[in-house]
Amino acid sequence: MAKKRTVRHISSKKRSRPKVKFNFGVLIIIFILSFGACFALYMIAANTQDNFLKDEKSKKSVVQKQPDEKTDEAPEAEAPTDAPSSAPIAAVNPIPQSEAVDASYFDSCCLVTDSTLLAMGDYTSLDDIIGSTELNAAGCRNVQVVSDYGTIKVYEIIQFKKPDILYLMLGSDIGTSSIDDMVNSYSTLVDDLHDYLPDMKIYIMQLPPVIYDTETVTNDLINQYNSKLLDIAKKSGVYCIDTNTALKATAEGRLADEYWDYENSKLSEAAYKKISDYIRTHTVS
């Protein structure tokens with residue numbers, strides 16, 4: 001009777017196991033030998049080179065000082081922000097006389113006005129003008145004006161234009177609107193513009209005198225209004241220029257004859273040129 005052969009699979013498993021163990025062991029041995037070699041080289045260098053340990057300490061000290069150096073430089077970068085641009089202006093108002101600036105100064109200027117100075121561009125280099133005969137002090141926040149950006153409010157036009165320097169001459173409704181309404185609207189417009197563009201220089205121009213008093217408009221009333229404009233400038237932190245005194249006949253306290261066009265009942269060409277010269281000699285650098 002023939003014997004049955006039994007096939008054992010265990011032997012194959014036994015042959016494969018040593019290979020796994022051998023490879024893993026080799027890796028461990030290589031790691032230990034590498035670590036030992038590096039350690040030996042380090043110890044040899046430490047014992048044979050006198051400055052070895054000093055050099056290592058100096059490298060560590062440089063790394064530790066880097067955060068301190070950045071901290072020392074930080075205050076210098078933040079220095080320009082110590083005085084916010086929107087802070088009240090430390091200047092004497094009305095602005096005193098200064099050295100005349102070049103006529104090219106007007107290239108950076110924009111004028112917002114009602115009928116008072118609407119013809120400024122016809123006689124002077126200040127020809128970037130926003131205004132209309134419908135615009136006035138009481139309605140300066142609501143009246144819409146035709147512009148390159150459409151028929152919109154003054155505040156919206158300035159938002160688009162963003163001029164470096166802005167002059168304001170509003171007050172043609174004096175005698176018909178209450179002073180309180182005129183001042184409240186004017187003040188709000190100035191504050192809104194100053195908040196939106198704090199780096200823009202704003203000059204409030206005082207209203208010129210009239211050639212003679214009427215039942216509704218007198219030079220005393222204009223002086224009261226101009227006093228309020230000066231208060232707005234001080235409160236809002238903007239500039240004010242006394243274009244009233246510049247055109248006044250000193251003795252009578254009214255508009256000088258040379259600055260009035262009797263034929264057309266409006267300011268004369270000489271008046272516009274006087275205002276232009278006055279602006280150029282009353283600026284803040």
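Would you check if there is a residue in the stretch 248-265 being assigned to a helix (DSSP H, G or I) and surrounded by fewer than 18 Cβ atoms within 10 Å (Cβ to Cβ)? Explain how you work it out, then say what you get.
Here is the first cut: in the stretch 248-265, the residues assigned to a helix (DSSP H, G or I) are 257-259.
Narrowing further to those that are surrounded by fewer than 18 Cβ atoms within 10 Å (Cβ to Cβ): 257-258.
The answer is yes, given that some residue of the stretch 248-265 is assigned to a helix (DSSP H, G or I) and surrounded by fewer than 18 Cβ atoms within 10 Å (Cβ to Cβ).
For the stretch 107-122: of the residues being among the small types (Gly, Ala, Ser) and under 19 Å from Pro163 (Cα atoms), which is surrounded by the fewest Cβ atoms within 10 Å (Cβ to Cβ)?
Just the residues of the stretch 107-122 that are among the small types (Gly, Ala, Ser), to begin with: 108, 115, 119, 121.
Narrowing the set further to residues that are under 19 Å from Pro163 (Cα atoms) leaves 108, 121.
Working: Ser108: 12, Gly121: 15.
Across the stretch 107-122, the extreme among qualifying residues is Ser108.
One residue alone among Ser125, Ser104, Ser178, Ser132 is in contact with a strand residue (DSSP E or B) (Cβ under 7 Å, 6 or more places away or on another chain), among the small types (Gly, Ala, Ser) and surrounded by fewer than 22 Cβ atoms within 10 Å (Cβ to Cβ), and that residue is Ser132.
Looking at the structure I just gave you, is Cys140 touching a Phe, Trp or Tyr at 6+ places or on another chain (Cβ under 9 Å), crowded, with 20+ Cβ neighbours inside 10 Å and farther than 20 Å from Ile222 by Cβ? So Cys140 fails the test.
Condition check: touching a Leu at 6+ places or on another chain (Cβ under 7 Å) and buried (at least 18 other Cβ atoms within 10 Å of the Cβ). Does Ile165 satisfy that? In short, no. Return the residues of the stretch 204-230 that are within 36 Å of the chain's Cα centre (by Cα) and free of Cβ contacts under 8 Å to residues at least 24 places away in the same chain; say none if nothing qualifies. Of everything in the stretch 204-230, those that are within 36 Å of the chain's Cα centre (by Cα) and free of Cβ contacts under 8 Å to residues at least 24 places away in the same chain turn out to be Asn223, Asn226, Ser227.
Every number here is computed from the coordinates shown, using simple stated rules; none is lab data. Just so we're clear, the structure is a prediction, and the values are computed from it rather than from any experiment. Positions of Cβ are backbone-derived with ideal geometry, glycine not excepted, and every protein chain shown enters the neighbour counts.
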